[in-house]
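Chemist: Take a look at the following structure, please.
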Amino acid sequence: VHDSWIATPFLVAHDQTLHVRVFDPAAPACYSTTTLELHVNPVPVPDPVIPDYVLCDNNSPGDGQETFDLTTMTPVIVNGQTGVTVTYYLNAVDATGAVNAIGTTYTNVSNPQQICARLEYASGCFAVACFTIRVDPLPAATPSQMNACGSAAGIATFNLTTQNLTVSGGIPGMSVNYY
């Protein structure tokens with residue numbers, strides 16, 4: 001006689017011990033018992049809003065490619081969790097299957113490009129989160145020259161802001177600083 005059978009699948013909210021009874025239906029009076037330990041391991045929770053990882057096109061301006069140090073994104077992605085291993089992939093399918101991981105130093109092949117991170121605990125529980133890497137172009141800086149009449153000592157006053165549009169290549173809205 002049994003108290004109550006547990007239907008499967010069985011939802012467990014916390015660690016739990018189940019009592020198990022094994023018997024042959026042809027001889028139900030003959031049975032063995034044991035226990036089954038159920039442990040609920042946590043799944044890592046990535047930051048829900050991972051910002052784009054943006055670099056300026058400094059390496060070879062105009063090519064839209066740069067080398068990204070993906071480890072700089074790890075603290076953002078793990079969101080303060082400890083004991084989490086992070087590996088990087090080119091898509092969510094590879095990250096889910098833990099195949100074709102890329103290195104943590106990565107040069108983009110398109111711009112923008114999606115990168116996916118697999119966060120995993122030693123238990124094997126994992127989550128996948130994706131973010132965008134992007135290379136922003138450098139604004140053109142057009143050289144200019146200003147002339148002013150000055151004193152015999154070579155001192156003159158220049159209003160540098162009158163050159164902002166010329167120096168920025170005629171692109172409105174650019175910020176220009178002089179050093």
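The values are calculated or read from the model by the stated rules, or taken from the named source; none is laboratory data. Just so you know, these numbers come straight off a predicted model, no measurement behind them. Don't worry about glycine lacking a Cβ; one is built from the backbone with ideal geometry, like all the others, and counts go over all protein chains shown. Calculation scope for accessible area: heavy atoms of the full protein, side chains included, ligands and nucleic acids excluded. Shrake-Rupley method; radii C 1.70, N 1.55, O 1.52, S 1.80 Å.
Chemist: Based on what the data block shows, is Thr71 in contact with a strand residue (DSSP E or B) (Cβ under 9 Å, 6 or more places away or on another chain), part of a helix (DSSP H, G or I) and among the β-branched types (Val, Ile, Thr)?
Modeler: Against the criterion (in contact with a strand residue (DSSP E or B) (Cβ under 9 Å, 6 or more places away or on another chain), part of a helix (DSSP H, G or I) and among the β-branched types (Val, Ile, Thr)), Thr71 qualifies.
Chemist: Please specify each residue of region 21-53 satisfying the condition of being of a type in the set (Val, Ile, Thr) and over 30 Å from Gln81 (Cβ atoms).
Modeler: Once the filter is applied, which keeps residues that are of a type in the set (Val, Ile, Thr) and over 30 Å from Gln81 (Cβ atoms), region 21-53 yields Val22, Thr33, Thr34, Thr35.
Chemist: I'd like the full set of residues that are open to solvent by 70 Å² or more (accessible area, probe 1.4 Å), over 24 Å from Cys56 (Cβ atoms) and assigned to a loop (DSSP other than H, G, I, E, B), limited to region 155-179.
Modeler: Ile155, Thr157, Phe158, Asn159
Chemist: If I ask for residues that are open to solvent by 60 Å² or more (accessible area, probe 1.4 Å) and touching an Asp or Glu at 6+ places or on another chain (Cβ under 9 Å), which ones from region 129-154 would you list?
Modeler: Of everything in region 129-154, those that are open to solvent by 60 Å² or more (accessible area, probe 1.4 Å) and touching an Asp or Glu at 6+ places or on another chain (Cβ under 9 Å) turn out to be Arg134, Pro137, Leu138.
Chemist: Return a yes/no flag: does region 102-119 have any residue that is assigned to a helix (DSSP H, G or I), open to solvent by less than 30 Å² (accessible area, probe 1.4 Å) and either in contact with a Gly (Cβ under 9 Å, 6 or more places away or on another chain) or free of Cβ contacts under 8 Å to residues at least 60 places away in the same chain (or both).
Modeler: Scanning region 102-119, I find no residue that is assigned to a helix (DSSP H, G or I), open to solvent by less than 30 Å² (accessible area, probe 1.4 Å) and either in contact with a Gly (Cβ under 9 Å, 6 or more places away or on another chain) or free of Cβ contacts under 8 Å to residues at least 60 places away in the same chain (or both), so the answer is no.
Chemist: Next up: Can you say whether Asp69 is of a type in the set (Asp, Glu) and either open to solvent by less than 70 Å² (accessible area, probe 1.4 Å) or over 22 Å from Asn111 (Cβ atoms) (or both), as far as the supplied structure shows?
Modeler: yes
Chemist: Look at Pro48 and say whether it is more than 17 Å from the chain's Cα centre (by Cα), part of a loop (DSSP other than H, G, I, E, B) and surrounded by fewer than 14 Cβ atoms within 10 Å (Cβ to Cβ).
Modeler: No; evaluated as a whole, the condition is false for this residue.
Chemist: List pairs: first in region 156-177 and free of Cβ contacts under 8 Å to residues at least 24 places away in the same chain, second hydroxyl-bearing (Ser, Thr, Tyr) and in a loop (DSSP other than H, G, I, E, B), Cβ under 6 Å, 6+ apart or cross-chain?
Modeler: Here the result reads Leu160/Tyr178; Gln163/Ser144; Val176/Ser168, each pair linking region 156-177 to a residue that is hydroxyl-bearing (Ser, Thr, Tyr) and in a loop (DSSP other than H, G, I, E, B).
Residues checked against (1) in a loop (DSSP other than H, G, I, E, B); (2) open to solvent by less than 80 Å² (accessible area, probe 1.4 Å); (3) free of Cβ contacts under 8 Å to residues at least 60 places away in the same chain:
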| residue | (1), (2), (3) |
| --- | --- |
| Pro9 | yes, no, yes |
| Val12 | yes, yes, yes |
| Cys30 | no, no, yes |
| Thr33 | no, no, yes |
| Asn58 | yes, no, no |
| Pro75 | no, no, yes |
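Chemist: Please work out if Val93 is in a loop (DSSP other than H, G, I, E, B), closer than 17 Å to Phe131 by Cβ and open to solvent by 70 Å² or more (accessible area, probe 1.4 Å).
Modeler: For Val93, the condition - in a loop (DSSP other than H, G, I, E, B), closer than 17 Å to Phe131 by Cβ and open to solvent by 70 Å² or more (accessible area, probe 1.4 Å) - is not met.
Chemist: Right, something else. Could you count how many residues in region 114-136 are polar (S, T, N, Q) and more than 12 Å from the chain's Cα centre (by Cα)?
Modeler: Adding up the residues that qualify gives 1.
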